[in-house]
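J.: Pasting a structure here, questions to come.
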Amino acid sequence: MTFKWIEQASTRRTFLKAAGGVSAAALTGFSMPALAQSAEVTVIAAESNANALEVLRRIGADFEKQSGTKVVINNMDHEAHKTAIRNYLVAGAPDVCFWFSGNRMKAFVNRGLFDDISDLFAKEKYKDVLGATTGAVTVDGKQYGLPTGGTMWGMFYRKDVFAEHDLTVPATWDEFLAYGQKSKAAGLTPVAIGTKELWPAAGWFDQMNLRINGLDKHFALMNGEMAYTDATLKPVFDYWEELIKQGFFTPDHTSFGWQEAGAFLAQKKAGMMNLGAFVKYTFPEQDVEQLTFAPFPKIEGIDRYEEFSVNSVHIPANAKNKAGAREFLAFFYQPENLSAYLEPGGNVPPRSDLPASKDPLVNAAVESLKTVAGTSQYYDRDTDPDMAQAGLTGFQEFMAKPERRDAILQRLEGTRRRIFKI
Amino acid sequence: MTNLWRRHRWWLTPTLLIMPAAILFAVVILASSVESLWISLHEWDGFGPMRWIGFDNYRELFNDPQFYVSLKNNVIWLVMFMLAPPLGLAIALLVNQKIRGMRFLKSLFFIPLVLASVAVGVVFSWVYTPQFGLLAIIFRFFGATAPAVLSDEHFVTFAVVTAALWPQTAFCMVLYLAGLNNLSEDLIGAGRVDGAKGWNMLRHIVLPQLTQVTFIAIAVTVVGALRSFDIISVMTSGGPFGSSSVLAYQMFEQSIFSYRFGYGAAIASILFVIMAVFIVWYLTRIIRAEERGA
């Protein structure tokens, strides 16, 4: 075979020229949006609910019409966003981003990556409508974000299953144990749980610790001020072990994710499940109306504390258009816009002046929250992320191998000492 | 100018041609490896300031029970993965026969190679699902209860490797099929004249001609075993309680979930050392083979 070098050379040269031209255009292209910056607000969202995302885009378009400022909404995969945010906050921040309040927000506030928006709070008088929820976005008396929607955690169950097997909602520990016996006799798993993704086991720990030791001691543990080997935690693990030994939980729970565990509840194979209202996504649409929830049973005679995790929206410290971002947030946070955004996801609204939701679960959560003495967010939102990872694994191991309790707690204590430098 | 070019062309041309690859390799592989080593001597959360702590990360690593679990699992991966080349060879010999319908069989064995390993992982985790999975159904047919393999800390790694072996075996089979097509007819004919058949033919005439293919199959399998990550992430996330984690997954978990880039880099460095042993062996083999060839 012969090769015509001369002809080849000319085509190769044109190819190279074209390629060079394309890459040069790409390089200059990256800086082009700089021209349009002043009248643009970029938003990074991590909304997995398609309907809520649609509402968010509509709010962006409405804002654009009203103010003339262009709104660009980039939506990311929920899990991928959790790692991406650490890059973009430093390297190329948007003007508005969605995140989680509490300790997860604080991690970025401490590193100076979120903008102080106390001025927006004062101007729009948000404290009046937010009440105690303001605390979720406050660090050292300053506000760094706006709470969007919350998830109230509780024991979810199907009304028809409870009626069919003549079960009653347990309010105390003894009733809970009796409920377990009765549901097992009826062929149900008393409590559906899937610990493949680890966190449901930690949520169970939170619930028990809040019922036995209360909020202050729980937060002492979350803030690394209390040892995992502390004697006050012993009853928590004693009660928990009792449940494990009696076969309360889904067998082989480490093989199942929360969605599969939710399916056990939906398919009437399990009696109750500790989760947020999002468990309804595992239900067929016609069955959702059967779903309801009750608070975790009372154990010690103390005030009722609940887990209420609050999502939030922030302005990164490196945002280019902070004034525009504030205007957009104020618009987004107007009652009619906020409630429209929250409605599809079934989240509990943070503002007290929003109209009642069409979702009975949301309204029940709002009512339930009014009777609560205090709230925590969730284990992996309340404690240091490094500690959370060790804790989540530890609780999963405890649920599978309760006899290893001492070794697990020793290990967690070692991790706590390393992280909180004790 | 043209004169200068003409005089130096003999070394400029190859240099220019190698340059893009060399620069890419230097930036993407060399520089980042050195930086990883550098990070492993610090305490760093990924965005804050780095704090020099010397060899503390390594000291902690060698006292970390999880490190030994991951290391042990890496060894299990390596050993079990070595089944792939012989299994691949066996299947290749089987489907290499000229029988009607063999083409169809061949393509069946080829299928797992087309699937993304994430898809393989998902499919196998369905097979292993207690109560509803295929494994549970098979066991039930014989009146037994299937163990929840992905929930058992002793079985879980074996279960995951079994899933990963499926595409790996197919890959080795393809390599061997290509090798079998290149067998020298002369040698086989000569062997047949000398009365070799069956096992003797395979052992003394076919296998020696497949040495190079075997070498590549083993090399690819070792690398595949050491970089196992995606299928673990999909099937178990390293669980239950870290018992199916390997070094690569532990590194990812520590860096991304625990915000400990220094510690993660230390794990990566150890993994690099293990890989380096193998790479040195591989390179010396290649260089020796090339010298013999030249």
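J.: In chain B, which whole DSSP H runs stretch at least 15 Å along their own axis (Cα) and average 1.0 or higher on the Kyte-Doolittle scale?
T.: Taking the DSSP H segments of chain B (at least 15 Å long, mean hydropathy at least 1.0), we get B:84-95, B:102-114, B:117-128, B:156-181, B:211-226, B:261-293.
J.: What is the magnitude of the charge dipole of chain B about its Cα centre, with +1 placed on the Cβ of each Lys and Arg, -1 on the Cβ of each Asp and Glu, and no other charges, expressed in debye to the nearest 20?
T.: Computed about the Cα centre, the dipole is about 1180 debye.
J.: Mind pulling the angle between the C-alpha long axis of helix A:50-67 and the longest principal axis of chain A? Nearest 10 degrees, somewhere in 0 to 90.
T.: Approximately 50 degrees, to the nearest 10.
J.: Let me ask you something else. Sort A:200-210, A:62-72, A:88-98 by the packing proxy (mean of other Cβ within 10 Å over each peptide's residues), most packed first.
T.: Per-residue Cβ counts within 10 Å, averaged per peptide and sorted highest first, yield A:200-210, A:88-98, A:62-72.
J.: Applying a 10 Å radius around every beta-carbon, put B:23-34, A:356-367, A:391-402 in order of their mean neighbour count, most first.
T.: Per-residue Cβ counts within 10 Å, averaged per peptide and sorted highest first, yield A:391-402, A:356-367, B:23-34.
J.: Please sort A:159-171, A:228-240 by packing, taking for each peptide the average over its residues of neighbouring beta carbons within 10 angstrom, highest first.
T.: Answer by packing, highest mean first, reads A:228-240, A:159-171.
J.: Does anyone have the angle between helix A:322-332 and the longest principal axis of chain A? Alpha-carbon axes, 0 to 90°, nearest 10?
T.: 50 degrees
J.: Another question, then. Which pairs, out of A:LYS269/A:LYS298; A:LYS127/A:LYS159; A:LYS320/A:LYS358; A:LYS127/A:LYS217; A:LYS82/A:LYS159; A:LYS125/A:LYS358, put more than 31 Å between their alpha-carbon atoms?
T.: Values: A:LYS269/A:LYS298 25 Å; A:LYS127/A:LYS159 37 Å; A:LYS320/A:LYS358 38 Å; A:LYS127/A:LYS217 27 Å; A:LYS82/A:LYS159 36 Å; A:LYS125/A:LYS358 27 Å.
Pairs exceeding 31 Å: A:LYS127/A:LYS159; A:LYS320/A:LYS358; A:LYS82/A:LYS159.
J.: Mind checking A:77-90 for the average number of partner chain beta-carbons within 10 Å of each residue's beta-carbon?
T.: Values: counts 0, 0, 0, 0, 0, 2, 4, 0, 0, 5, 2, 0, 1, 3.
Partner-chain Cβ atoms within 10 Å, mean over residues of A:77-90: 1.
J.: Return the whole-Å distance between the Cα centroid of region B:30-75 and the Cα centroid of region B:157-188.
T.: 36 Å
J.: Run the quick spin-label model on A:LYS268 and B:THR284: label points 7 Å from Cα toward the beta carbon, then report their separation in nm to one decimal.
T.: The answer from the label model is 6.9 nm.
J.: While we're here: Among A:PHE264, A:PRO235, A:GLY180, pick out the residue whose Cα is farthest towards the positive end of the charge dipole of region A:148-277, where Lys and Arg carry +1 and Asp and Glu carry -1 on C-beta, about the Cα centre.
T.: My answer, from the dipole projection, is A:PHE264.
J.: Then there's this: Of the options B:TYR68, B:ALA219, B:PRO240, report the single residue whose Cα projects farthest towards the positive end of the charge dipole of the protein assembly as shown (beta-carbon charges: Lys, Arg +1; Asp, Glu -1).
T.: B:ALA219
J.: Only helical DSSP H runs with n ≥ 4 go in: add -39500 (n - 2.57) per run for chain A, normalise by residue count and round the 222 nm mean residue ellipticity to 500 deg cm²/dmol. Walk me through the intermediate numbers first.
T.: Details: 18 runs with 207 residues, N = 422.
So the helix-based figure for chain A works out to -15000 deg cm²/dmol.
J.: Rounded if a/c is under 1.5, else prolate if a/b beats b/c, else oblate: with a ≥ b ≥ c from the C-alpha gyration tensor eigenvalues square-rooted, which is region A:209-366?
T.: Cα axes put region A:209-366 in the oblate bin.
J.: Tell me the angle of helix A:173-185 to the major Cα principal axis of chain A, expressed in degrees between 0 and 90 and rounded to the nearest ten.
T.: It works out to around 90 degrees.
J.: Report, by chain and number, residues whose modeled amide H sits under 5 Å from the one on A:ASN75, excluding near sequence neighbours (fewer than 5 apart, same chain).
T.: Long-range HN contacts for A:ASN75: A:ALA45.
J.: Another one. What is region A:106-192 by shape, rounded, prolate or oblate, if you read a ≥ b ≥ c off the alpha carbon gyration tensor as root eigenvalues and call it rounded for a/c under 1.5, prolate for a/b larger than b/c, and oblate otherwise? The partial results should precede the final answer.
T.: On the way: a/c = 4.20, a/b = 3.18, b/c = 1.32.
Prolate is the answer for region A:106-192, as a/c is 1.5 or above and a/b outweighs b/c.
J.: Charges only on Cβ, +1 for Lys and Arg, -1 for Asp and Glu: so what's the dipole of chain A about the Cα centre, in debye to the nearest 20?
T.: The calculated dipole for chain A is roughly 1420 debye.
J.: Residues in region A:83-113 near a label at A:ALA132, defined as backbone nitrogen under 20 Å from the 7 Å Cα→Cβ point?
T.: Taking a point 7 Å out along Cα→Cβ of A:ALA132, the residues of region A:83-113 whose backbone N falls under 20 Å are A:101-104.
J.: Under 1.5 on a/c is rounded, so check that first for chain A, then, if it is not, pick prolate when a/b is larger than b/c and oblate when it is not; a ≥ b ≥ c are the square roots of the alpha carbon gyration tensor eigenvalues. Spell out each step's value before the answer.
T.: On the way: a/c = 1.85, a/b = 1.61, b/c = 1.15.
Prolate, because a/c is 1.5 or more and a/b exceeds b/c.
J.: Shifting gears a bit: What is the mean number of Cβ atoms from other protein chains located within 10 Å of the Cβ atom of each residue in peptide B:144-150, rounded to a whole number?
T.: 2
J.: Within 10 Å of each Cβ in A:386-397, how many Cβ atoms from other chains are there, averaged over the peptide?
T.: Working: counts 7, 1, 2, 7, 4, 0, 3, 10, 2, 1, 4, 6.
Rounded to a whole number, the mean comes out at 4.
J.: Same structure, new question: Got a sec? Charge dipole of the protein assembly as shown, +1 on Cβ for Lys and Arg, -1 for Asp and Glu; which of B:SER33, A:SER312, A:LEU113 is way out at the positive end?
T.: B:SER33
J.: Right, next: Would you calculate a helix-derived [θ] at 222 nm for chain B, using -39,500 (n - 2.57) for each DSSP H run of n ≥ 4 and dividing by the full residue count, to the nearest 500? Intermediate results must be reported in sequence, preceding the final value.
T.: Working: 15 runs with 200 residues, N = 294.
Theoretical 222 nm ellipticity from helices: -21500 deg cm²/dmol.
J.: For region B:79-189, with only Lys/Arg (+1) and Asp/Glu (-1) charged at the beta-carbon, what is the dipole magnitude about the Cα centre, in debye rounded to 20?
T.: On the way: 5 positive and 4 negative charges, 86 e Å.
Dipole of region B:79-189, to the nearest 20 debye: 420 debye.
J.: Something else now. Give, in nm to one decimal, the length gained when the segment between B:ILE218 and B:PHE104 is fully stretched (0.36 nm per residue of separation minus the Cα-Cα distance).
T.: Value of the extension gain: 38.4 nm.
Coordinate-derived values only; no laboratory data. What you are looking at is a predicted structure, and each value in this text was computed from that prediction instead of being measured. No Cβ is skipped: glycine too gets one built from the backbone with ideal geometry, and neighbour counts run over all protein chains shown.
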